[in-house]
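This report refers to the structure that appears directly beneath it.
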Amino acid sequence: MTFPDHQTRKEEAMTRSQDKYQKKADKAEFKRIKKSGKDETFRESEKPRRGRPEKDTDHARGKDPAEAKPPKKKSRCPVSSRCGGCTMIDIDYDTQIRQKQEKVDNCIGDYVWVDPIIRMKKTEHYRNKVTSVFGFDRKGKPVCGIYREGTHEIVPVKECLLEDLRADRIIQTIFELLPSFKIPVYDEKTRSGLVRYVQVRTAHRTREIMVTIVTAEAMFPSRNNFVKTLLKAHPEITTIVQNINDKETTMVLGSRENVLFGKGCIEDELCGKRFRISSRSFYQVNSLQTEKLYNIAIDYAGLSGKERIMDAYCGIGTIGIIASDKCREVLSVELNREAVKDARYNAQINNADNVRIVAEDATRYMVDLAERGEQLDVLFMDPPRSGSTTEFLRAAADLGPKKIVYVSCNPDTLARDLDQITEMGYDVKKAVPVDLFPYTTGVETIVLMTRSKS
Ligand code: SAH
């Protein structure tokens, strides 16, 4: 399947914008989707990925479900029918790319010509964060792997086409070591046992590796010997953390942690800057594509060195810190406390003295700034899947930055937010999707908006 050429897509876009009736119908459909997808608050990359039921399905997005279904030949992945994590695992990459382009075109094509999606060269094993569920199968045998789609039944998985193989191997070793240390896996039904999940994060440049063992209680039998044995098998591990999650919840990580080995976090490099990442902070799961994403977003802003910019929903501070050399001042805002700590540390180690990290709800902070009549030249915003809020957008428009660069992981909520902000005096100038999640329906989009002349 070849990618439709520029002319064909442009003609398609023109036909679409001429067809007003269709436009109205699309909007009504979009509103319906918006309503049904209200409770989806995770980013694609943040979801407890292995086997959680996909709420944001192709069907829910108004697509023909048959379109994204794999053909009936043998799947590349032995557990694909049960896992449900990669809905596009058996679709060739050109088709995946075409479908994602169409998805973004359908959502925001009325506002702007969407540039061709940025593809990934090597599409496998890109995930730098891997989470495995530990528990029992139906016969009561201990297993680790994924939840079967839509259930809490665990399907054993040793290797996944998307995940970093070093992470997969470490998870297998931990699983095999547990019996000899008499450490039981957790049983969801009886709420007994200890190990609930293992999460591994790998840094693509520094090669550092963090292992987080999620336990139901604080005790950890033979902790020192266990750590010693694990490190002997995997000397590449740079830190091991015990996370305690004693709640009945679908969230993987709890709020308490003990560092068992190393510094309790990893550092990686992105776009020439160094970033500390702790277990509970958000970090994009595909580092190679993230560099492309950030470079384009910063390029869209066309910074001269004189601007005061904001990085809203900044996570560990990445976009603002990377942009800090190219502007006068950066205000970054983030709600998650662990991420804020990382972001402050990251500003320091990169000598980014012009970056201020604010721990606050992005909407509240934006409203405060607008009430104080502060000055802002460029706003970068990278909200979670649920998108931003009307109050945030209203306050942003009141502050009136010349440019807004919106980085979105959900074309539906992006379209909803563009609907609003274009009513508030902004024009959409450029847009490009970036494929950060091959074999899944996830897609990132970068949009440039400028303040209307009138
Ligand atoms: N820009 C960062 C993070 C994007 S993910 C990056 O590229 O890595 C979205 C971030 O928004 C997460 O770190 C999440 O903790 C944060 N967040 C979610 N709701 C928020 C809110 N209401 N106010 C501020 N930050 C929020």
- prompt: Of the residues that sit in the range 342-360 and are within 12 Å of the ligand (Cβ to nearest atom) and among the charged types (D, E, K, R), which one is surrounded by the fewest Cβ atoms within 10 Å (Cβ to Cβ)?
  reply: GLU360
query: Right, TYR294: aromatic (Phe, Trp, Tyr), in the same structural domain as GLN375 (by TED's automatic domain parsing) and without any contact (Cβ under 8 Å) to a residue 40 or more places away in the chain or not?
result: yes
- line: Scanning the range 395-422 for residues that are part of a helix (DSSP H, G or I) and out of contact with any helix residue (DSSP H, G or I) (no Cβ under 9 Å at 6 or more places or on another chain) gives THR422
Among (1) outside any loop (DSSP other than H, G, I, E, B); (2) crowded, with 23+ Cβ neighbours inside 10 Å; (3) modelled with pLDDT under 95, the one test that ARG82 misses: (2)
- request: State whether the residues of the range 327-336 include one that is over 23 Å from THR389 (Cβ atoms), near the ligand (Cβ under 9 Å from one of its atoms) and surrounded by 21 or more Cβ atoms within 10 Å (Cβ to Cβ).
  value: no
task: Answer yes or no: is there a residue in the range 403-426 that is in contact with a Pro (Cβ under 7 Å, 6 or more places away or on another chain), modelled with pLDDT of 95 or more and surrounded by 23 or more Cβ atoms within 10 Å (Cβ to Cβ).
output: no
query: Does at least one position in the range 198-207 carry a residue that is among the small types (Gly, Ala, Ser), assigned to a loop (DSSP other than H, G, I, E, B) and modelled with pLDDT of 95 or more?
result: yes
message: I'm told GLN242 meets every condition in (1) more than 13 Å from the ligand (Cβ to nearest atom); (2) of a type outside the set (Ser, Thr, Tyr); (3) outside the structural domain of PHE181 (by TED's automatic domain parsing) except one. Can you identify the failing condition by its number?
response: (3)
query: Taking the range 285-320 as the search range and keeping residues that are assigned to a strand (DSSP E or B) and either surrounded by fewer than 23 Cβ atoms within 10 Å (Cβ to Cβ) or among the small types (Gly, Ala, Ser) (or both), which one is farthest from the ligand (Cβ to nearest atom)?
result: ARG308
query: So ASN106 clears everything in (1) without any contact (Cβ under 8 Å) to a residue 40 or more places away in the chain; (2) in contact with a Gly (Cβ under 9 Å, 6 or more places away or on another chain); (3) of a type in the set (S, T, N, Q) except one condition, right? Which one?
result: (1)
message: Please pick out the residue among GLY305, GLY320, GLY400 that is in contact (Cβ under 8 Å) with a residue 40 or more places away in the chain and either outside the structural domain of VAL434 (by TED's automatic domain parsing) or on the phi > 0 side of the Ramachandran plot (or both).
response: GLY400
- prompt: Do you know which residues across the range 379-398 are within 13 Å of the ligand (Cβ to nearest atom) and basic (Lys, Arg)?
  reply: ARG385
task: May I ask you to say which residue of VAL367, VAL405 is touching a residue at least 24 places away in the same chain (Cβ under 8 Å) and under 25 Å from ASP105 (Cα atoms)?
output: VAL405
message: Step by step: first the residues of the range 145-195, then only those that are free of Cβ contacts under 8 Å to residues at least 40 places away in the same chain and in contact with a Ser or Thr (Cβ under 7 Å, 6 or more places away or on another chain), then the one that is nearest to VAL227 (Cα to Cα). Which residue is that?
response: LEU194
field: Condition check for PHE275: of a type in the set (Phe, Trp, Tyr), within 13 Å of the ligand (Cβ to nearest atom) and farther than 24 Å from ILE421 by Cβ
entry: yes
query: Of (1) surrounded by fewer than 19 Cβ atoms within 10 Å (Cβ to Cβ); (2) within 12 Å of the ligand (Cβ to nearest atom); (3) more than 22 Å from SER386 (Cα to Cα), ARG364 satisfies all except one. Which?
result: (3)
query: For SER281, are the conditions met, namely being over 22 Å from ASP435 (Cβ atoms) and away from the ligand (no atom under 11 Å from the Cβ)?
result: no
- line: Note on the range 423-454: residues hydrophobic (A, V, I, L, M, F, W, C), in a strand (DSSP E or B) and under 17 Å from GLU102 (Cα atoms) are ALA431, VAL432, VAL434, ILE446, VAL447
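The values are calculated or read from the model by the stated rules, or taken from the named source; none is laboratory data. Just so you know, these numbers come straight off a predicted model, no measurement behind them. Quick reminder, even Gly has a Cβ in these numbers, built from the backbone with ideal geometry, and neighbours come from all protein chains shown.
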